[in-house]
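Trainee: Quick one: structure below, then a few questions.
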Amino acid sequence: LKKIARQLGSLIEKVEPLLSQMHTDALSIKPAHDQWSKKEILGHLIDSAANNHQRFVRATYGAAADFPPYAQEDWVRNQRYNARDWESLVFLWSAYNRHLIHVIESFPEDTRFAPCSIGKDEPVPLDYVVKDYLRHLQLHLKDILDETI
Ligand code: NI
């Protein structure tokens with residue numbers, strides 16, 4: 001988990017300046033009515049950070065197995081991310097992730113296998129959830145930056 005925290009740290013350091021430099025004109029454009037704009041994808045990553053924050057902290061006191069799944073489409077739509085400015089979204093996203101790195105680094109050793117609920121399936125161990133959080137983040141950053149990171 002310490003390794004994942006380091007990987008997450010270098011990813012944020014690398015990507016934050018790239019996001020900050022992006023031209024803001026096209027960021028609110030949805031490629032299709034049922035596809036997210038880049039602002040909405042970054043918003044989805046903020047939602048992912050917020051929901052996984054709950055899972056991570058709840059795991060430290062044995063309460064992550066009953067955390068409910070979240071309706072990601074409703075979260076993105078109902079928060080109207082396209083109405084926010086890009087700079088604020090980038091700031092929130094990077095600050096949230098810096099805090100998550102601190103949370104992951106602070107896990108007591110015996111919480112690695114704490115059961116976490118990630119949907120309707122059987123609970124999975126915390127270290128799987130943390131790895132999957134990073135994988136999901138990389139996947140969507142690729143869509144925002146139009147490149148492999
Ligand atoms: Ni996603």
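The values are calculated or read from the model by the stated rules, or taken from the named source; none is laboratory data. What you see is a predicted model; the values in this text were computed from it and never measured. When we count neighbours, we look across all protein chains shown, and the Cβ atoms used for this are built from the backbone with ideal geometry, even at glycine. Just the protein is used for accessible areas: all its heavy atoms, side chains included, with ligands, DNA and RNA removed. Shrake-Rupley method; radii C 1.70, N 1.55, O 1.52, S 1.80 Å.
Trainee: How do 114-123, 56-65, 42-51 rank on mean C-beta neighbours within 10 Å, highest first?
Mentor: Details: 114-123: 15.0, 56-65: 17.1, 42-51: 19.9.
Packing order, densest peptide first, comes out as 42-51, 56-65, 114-123.
Trainee: Let me ask something else. Taking a cut-off of 28 Å between Cα atoms, list the lysines near Lys3, but don't count ones fewer than 8 places away on the same chain.
Mentor: Lys14, Lys131, Lys142
Trainee: In deg cm²/dmol and to the nearest 500, what is the mean residue ellipticity at 222 nm of the chain if only DSSP H runs of at least 4 residues count, each as -39500 (n - 2.57), divided by the residue total?
Mentor: Details: 5 runs with 88 residues, N = 149.
That comes out to -20000 deg cm²/dmol.
Trainee: Could you state the accessible area per residue of the stretch 1-110 in Å², with a 1.4 Å probe and every protein chain left in place? Walk me through the intermediate numbers first.
Mentor: Details: 6150 Å² over 110 residues.
Here the residues of the stretch 1-110 average 56 Å² of exposed surface.
Trainee: Further question on the same structure: Roughly how many percent of the accessible protein surface of the chain is carbon and sulfur, given a 1.4 Å probe and a whole-percent answer? Numbers along the way, then the final one.
Mentor: Working: 4450 of 8410 Å².
Exposed carbon and sulfur together represent 53 percent of the surface.
Trainee: For Glu13 and Ser106 in one chain, what is 0.36 nm times their gap in residues minus the Cα-Cα distance, to one decimal in nm?
Mentor: On the way: separation 93, 0.36 × 93 = 33.48 nm, distance 1.99 nm.
Full extension of this stretch gives 31.5 nm more.
Trainee: From the square roots a ≥ b ≥ c of the eigenvalues of the alpha-carbon gyration tensor of the stretch 1-72, which class results: rounded (a/c under 1.5), prolate (a/b over b/c), or oblate? Could you put the intermediate results ahead of the total?
Mentor: Values: a/c = 4.02, a/b = 1.44, b/c = 2.79.
Note, shape of the stretch 1-72 comes out oblate.
Trainee: Determine, at each q value in 0.11, 0.14, 0.18 (inverse angstroms), the log₁₀ of I(q)/I(0) that the Debye formula gives when each Cα of the chain is one equal point scatterer.
Mentor: Values, matching the q order: -0.43, -0.68, -1.07.
Trainee: Could you work out how far the C-alpha centroid of the stretch 83-139 sits from that of the stretch 2-40, in angstrom?
Mentor: Taking the Cα centre of each part, the stretch 83-139 and the stretch 2-40 sit 16 Å apart.
Trainee: Could you compute the net charge surrounding Thr60? Neighbours are other residues with a C-beta less than 15 Å from the C-beta of Thr60; K and R count +1, D and E count -1. Could you put the intermediate results ahead of the total?
Mentor: Details: positive: Arg55, Arg58, Arg112; negative: Asp66, Glu105, Glu109, Asp110, Asp127.
It works out to a net charge of -2.
Trainee: While we're here: Roughly speaking, what is the stretch gain from Phe113 to His140, that is 0.36 nm per residue apart minus the C-alpha to C-alpha distance, in nm to one decimal? Show your work: numbers first, answer last.
Mentor: Numbers: separation 27, 0.36 × 27 = 9.72 nm, distance 2.63 nm.
Stretched fully, the Phe113-His140 segment lengthens by 7.1 nm.
Trainee: Further question: Straight distance only, please: which aspartates and glutamates reach the Cα of Lys120 with their own Cα at less than 14 Å, same-chain residues fewer than 8 apart left out?
Mentor: Correct list for Lys120: Asp66.
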